[in-house]
Amino acid sequence: MTARSVGLVVAIMLVATACATTTSQPSPDETSLLGTLAPLVTTTTSPTTTTSSTTTSTTTTTIVPIGVPEPTVLGVPAEPAIDSQFAGVGMATVPAGGAPIFSQGGTEQLVVAREGLVFAVTATLDDGWLELVTMCDTTAWARAGDLVLNGPSQNQAVGKSFNFAKAVVVLDPGHGGPWNIGAVAETGLREKEINVDIARRARDLFLAPHTVDWETGTIYTGDQVPAAQRVIVTRTGADELADYEAGLLFRAELANAMKADAFVAIHNNAGHENKLETPGSDVYYQSQLEDSRRFATIMVEEFNRSFAPFGTDWVGVQDVGAKSRLSTKNPGKQYYGLKRTEMPAVIAEGAFMSNRSEADLLATPEFRQAYAEAVYRAVVRFLTDDAFGDAASFDPKSWGGFAGSGDARPECAIPSQDGE
Ligand SMILES: [Zn+2]
């Protein structure tokens, strides 16, 4: 896409987020999710006779691909709690009934925050107060006893020895709220809503154990890849569409406070330049960490694997693949505020909403599931292996367009329990 069109796209695509969290104790929603997936493996036992006179049995396991489950709306914790890994910083989730949020200093109650919302916890203060970064990119206080508190990842070394059961993954659906809807297809399909659906589908994959056929990419119910320890969706809550404003500072602070092992911003693109024979998925990497670039090459490869079977008239830009943009207008800034994240981080631009045929695919649950499966496989590969993906990657480029800081507007409001 052109710098100008990219700038316009980025300007409208800055995000809003919310999170879903998992704890070592599955929430009722997570339990029901596992219950939904578990029956997909069926085991039959049949008697058979060996050459000796004894009778044994062989077991035949029929593994069924997981198909296209409807994503679950996240579980809202029932009551305040603190996990054993919380040691002053991490993440706060609003339990059922909401939680009061105060101004800095605790002098004024700002709002009773909506249940299911998440905040970054940047410090634990005296007298049971916590310092939070809110989705409005502001600092606020709350009482520790009003929230569910989770501590950060243990940050294992990435590679073959990585224990995925300890993985902490942040999924960041781009955009949100009335001011930041992202790209809009000619059909009226809105990026902010698609991104949330895809993030929830990916979250659901991470929350259950799976076996992946790495030859075909098919994901089965199985035990090769355990459920991740925690999957955080930045834009979340009891709101069906999690449709509220969330700034890029917040999204990065949340991932940083949780020392996430991997961060994936989920977007869809606009402003294409060329027709292509293959999917034109772009993935931006954070330039300070070489592992981010490797992560991006894997993500592009997995997008191609997920999307190519849909066989439509794809579009893209000149440099399709893994890339990074450095702002010339704001030295030190990266596209979409990516530099703020302190862990391997990518911005996925899966498909082009500006291309009618891709927008029509994005309207289907099958394609969104394929997107989510690409994210899942890419994160698993990235964390449990040290190889690069088989996709083009480009060195960071200076870029004169809008850098997309995406900080929240002064008018941004924390969603309240009473719906305001
Ligand atoms: Zn976007």
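With each label modelled as a point 7 angstrom along the Cα→C-beta vector, the residue 366-residue 240 pair spans 2.5 nm. The modelled label-to-label distance for the pair residue 388/residue 179, using points 7 Å beyond Cα in the direction of Cβ, is 4.1 nm.
For the range 81-150, the solvent-accessible area works out to 37 Å² per residue, with a probe of 1.4 Å and every protein chain left in place. Close amide H pairs (under 5 Å, H built 1.01 Å from N) link residue 81 with 147, 148, 149, residues at least 5 positions away or on another chain. Residue by residue, the range 345-359 carries 3J(HN,Hα) couplings of 9, 9, 10, 8, 10, x, 9, 9, 6, 7, 9, 3, 5, 6, 4 Hz when phi is fed to the Karplus relation 6.51 cos²θ - 1.76 cosθ + 1.60 (θ = phi - 60°); x denotes Gly or Pro.
Mean projected area of the convex hull spanned by the Cα atoms of the range 172-288, taken over all viewing directions: 10.0 nm². Each residue of the range 86-102 was assigned a 3J(HN,Hα) from its phi angle through the Karplus expression (A = 6.51, B = -1.76, C = 1.60, θ = phi - 60°), giving 6, 9, x, 10, x, 9, 10, 10, 7, x, 3, x, x, 8, x, 10, 10 Hz with x at Gly and Pro. Only Cα sites of the range 81-150 enter the Debye sum here, all with the same form factor; the resulting log10 I(q)/I(0) across q = 0.15, 0.17 1/Å is -0.38, -0.50, listed in q order.
The values are calculated or read from the model by the stated rules, or taken from the named source; none is laboratory data. Note that this is a predicted model, so its numbers are computed, not measured. Glycine also receives a Cβ, built like all others from the backbone with ideal geometry; neighbour counts cover every protein chain displayed. What goes into the accessible areas is simple: the full protein's heavy atoms, side chains included, and nothing from ligands, DNA or RNA. Shrake-Rupley method; radii C 1.70, N 1.55, O 1.52, S 1.80 Å.
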